[in-house]
Structures are given as C-alpha cells and as structure tokens.
Amino acid sequence: MVKRVVSVAILLPIALAIIIIGGWPFTIGIAAIIGIGAKEFSHLFQQSHQYNPSNLLIISGAVLLILSRA
C-alpha cells in the first residue's frame, strides 16, 4: 500500500502538468499510459498459459492507434 501511495505522490504532479500543457505532451502521455496498460493486458494473457500474444504487436498497436488520432 505504501508503494502505491508513493507512486501516486510522484505521478500526480507529472500528470497534472501534462494535462495543463496539453497538445503533443498530453497525447504522448496518454499513449504511454495506454502502452503500459496494453503491456499489463498482454501479461495477463501470458499468465493463463493458454494464449501467448506478441507484446510488440499489442503495445505498438495500442500506442499507434492513440497517436493516429492526434
């Protein structure tokens, strides 16, 4: 629990700064968050031992989808 609180204390000011700045920094920040989420999603599939998705395809596809909308 302490690790999560420390993470929030560090990442919250960074996130607020990116939101205030807007534009490309905001888009890149959102793409990074989506990329991390896609990595976690892929990791969940790999833990099931039934599916072995390509991390490169899932992460790059998610990030490129966000960047294409900018």
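The values are calculated or read from the model by the stated rules, or taken from the named source; none is laboratory data. No experiment lies behind these values; they were computed from the predicted model shown. Ideal geometry is used to build each Cβ from the backbone, glycine not excepted, and the neighbour counts take in all protein chains shown. Note: accessible area is taken over every heavy atom of the protein model, side chains too, but ligands, DNA and RNA are not part of it. Shrake-Rupley method; radii C 1.70, N 1.55, O 1.52, S 1.80 Å.
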Checklist outcome for this item: The FRET efficiency for I66 and M1, from their Cβ-Cβ distance with R0 = 25 Å and rounded to 0.05, is 0.25
Checklist entry - Per residue, how much accessible area does region 13-61 show when a 1.4 Å probe rolls over the protein heavy atoms, in square angstrom? => result 75
Next on the checklist: Could you work out what % of the accessible surface of region 1-56 is carbon and sulfur, using a 1.4 angstrom probe and leaving DNA, RNA and ligands out of the count?
Outcome noted: 75
Item to check | Cleavage-rule hits (trypsin sites (Lys or Arg not before Pro)) in the chain: DSSP loop, at most 13 neighbouring Cβ within 10 angstrom | outcome: R69
